[in-house]
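J.: Dropping the structure in here first, questions after.
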Amino acid sequence: MYAHMVKSEATSEDPEMLAAFQARIDAGEKIEPKDWMPAGYRKTLIRQIGQHAHSEIVGQLPEGNWITRAPTLERKANLLAKVQDEAGHGLYLYCAAETLGVSRDEMTEMLLDGRMKYSSIFNYPTLTWADMGAVGWLVDGAAIMNQVPLQRTSYGPYARAMVRICKEESFHQRQGFHVMMSMVKGTEDQKRMAQDALNRFWFPALMMFGPSDKDSVHSRQSMAWKIKMNTNDELRQKFVDETVPQAEYLGLTVPDKKLKWNEETGHYDFAEPDWSEFFEVIKGNGPCNKERIAARQKAWDDGAWVREAMMAHAEKKRARKLAAE
Ligand code: BYC
């Protein structure tokens, strides 16, 4: 269905329509599902929103692993609520993508056969309870940095989905920071676990913003269309500037020997992540890629009977309605 829409739209892209579309974007208007849009705009949105939705769903896996092992009932309830929120975020985002003419089933199939991606960060394992702190603090912290500007993105359904998502992400970030606070105030072993979690998640969190601007293939066009509001490097810098003082407050050390406050620029200088590792992870060769996709495949297969039953029910309802008319 999606390929068909892209093809049919490509034939109608005359320069005047493209210019009028760009003028609407430049004037800050929201584009709505029934509005005309260039095929490339639709395609980029499906890629980005779909990837974002998949990230929310796959992102439940590393944390779900710790629900049964949370140290107190309160921590368990908080983590359970957070993981449920991520499921909700995935659903809003799949719905936003569906308004562009792609179904959730199609997107899931594209995730499972490798045509669609999900965030690199969820291919790293969560080894200790402190990782629940580091994920909330750093991963949700990075997600907020990227998603707050997306509330102003040009595509209406995406921008509106972001408003609620951002509110919930800020609760997630705070609960993660609270876990870290408790650990650093605990025993020497707990403090060591908190430092170890920061050591392992720091650079993968920086990679969440995407490759450096010089290697970002989509940024220029996506920013012209206001599908992205900032470049990858701009957001990464903002994240470092805001997160380093939080690490200092926790009494933890950011694992970067090059990290230094730069008086002249008013920003921190920091080391680039290992980009060869990033590209390997997004190619499917990270520590947990196979496990994550296998879990999604199993959920998809296990749910087949539910999808079939719902379709059969809808068909019966439709037939009954027809017979009554
Ligand atoms: N991971 O041209 P570029 C969350 C790919 S989840 C994997 O800069 P773009 C949460 C990129 O797709 C947070 N792949 O791309 C959930 C492209 O490859 P393709 C998820 C990445 O799109 C649960 C290639 O690299 N947030 O919040 O302009 C628990 C070149 O990159 C990544 C979103 O998805 C990556 N990190 O910019 C807790 C936000 N980075 O597609 C938390 C919405 C890049 O051409 N997305 N690639 O094969 C975006 O803002 C943008 O898509 C990105 C990348 C900044 C991520």
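J.: Of the residues 12, 8, which single one is at pLDDT below 95, part of a loop (DSSP other than H, G, I, E, B) and not acidic (Asp, Glu)?
T.: 12
J.: Quick one: residue 110 ticks every box in (1) more than 13 Å from the chain's Cα centre (by Cα); (2) surrounded by fewer than 23 Cβ atoms within 10 Å (Cβ to Cβ); (3) part of a loop (DSSP other than H, G, I, E, B); (4) within 13 Å of the ligand (Cβ to nearest atom) except a single one, so which number is it?
T.: (3)
J.: Okay, next question. Is it the case that some residue within the range 227-245 is part of a loop (DSSP other than H, G, I, E, B), crowded, with 18+ Cβ neighbours inside 10 Å and touching a strand residue (DSSP E or B) at 6+ places or on another chain (Cβ under 8 Å)?
T.: yes
J.: Report, ordered by the first and then the second residue, all pairs with beta carbons closer than 7 Å, sequence separation of six or more or different chains, a first member in the range 226-238 that is modelled with pLDDT of 95 or more and aliphatic (A, V, I, L, M), and a second member that is open to solvent by less than 50 Å² (accessible area, probe 1.4 Å) and in a loop (DSSP other than H, G, I, E, B).
T.: The qualifying pairs are 227/153; 227/154; 229/153; 235/209.
J.: Something else about it: What pairs come out if I take residues in the range 164-192 that are under 23 Å from residue 142 (Cβ atoms) and pair them with residues that are more than 16 Å from the ligand (Cβ to nearest atom) and not in a helix (DSSP H, G or I) whose C-beta lies under 7 Å away, six or more apart or interchain?
T.: So the pair list comes out as 184/251; 184/252.
J.: Is there a residue being of a type in the set (Val, Ile, Thr), within 12 Å of the ligand (Cβ to nearest atom), open to solvent by less than 20 Å² (accessible area, probe 1.4 Å) and touching a helix residue (DSSP H, G or I) at 6+ places or on another chain (Cβ under 8 Å) anywhere in the range 154-177?
T.: For the range 154-177, residues of a type in the set (Val, Ile, Thr), within 12 Å of the ligand (Cβ to nearest atom), open to solvent by less than 20 Å² (accessible area, probe 1.4 Å) and touching a helix residue (DSSP H, G or I) at 6+ places or on another chain (Cβ under 8 Å): present.
J.: Search the range 19-35 for residues being surrounded by 15 or more Cβ atoms within 10 Å (Cβ to Cβ) and among the hydrophobic types (A, V, I, L, M, F, W, C), and hand back the single one that is nearest to residue 155 (Cα to Cα).
T.: 31
J.: Please state which of the following conditions residue 258 fails to meet, knowing it meets all the rest: (1) of a type outside the set (Gly, Ala, Ser); (2) surrounded by fewer than 17 Cβ atoms within 10 Å (Cβ to Cβ); (3) over 19 Å from residue 198 (Cβ atoms).
T.: Condition not satisfied by residue 258: (3).
J.: While we're here: When the range 120-140 is examined, which residues are found to be more than 9 Å from the ligand (Cβ to nearest atom) and either open to solvent by less than 10 Å² (accessible area, probe 1.4 Å) or touching a strand residue (DSSP E or B) at 6+ places or on another chain (Cβ under 6 Å) (or both)?
T.: Matches in the range 120-140: 130, 131, 132, 133, 134, 137, 138.
J.: In the range 78-106, which residue that is of a type in the set (Gly, Ala, Ser) and within 10 Å of the ligand (Cβ to nearest atom) is nearest to the chain's Cα centre (by Cα)?
T.: Looking at the filtered set, the residue picked out is 90.
The values are calculated or read from the model by the stated rules, or taken from the named source; none is laboratory data. Computed from a predicted model, the values in this text were never measured in an experiment. Note: ideal-geometry Cβ built from the backbone for every residue, glycine included; neighbour counts use all protein chains shown. Heads up: the accessible areas ignore ligands, DNA and RNA and are worked out on the full protein's heavy atoms, side chains in. Shrake-Rupley method; radii C 1.70, N 1.55, O 1.52, S 1.80 Å.
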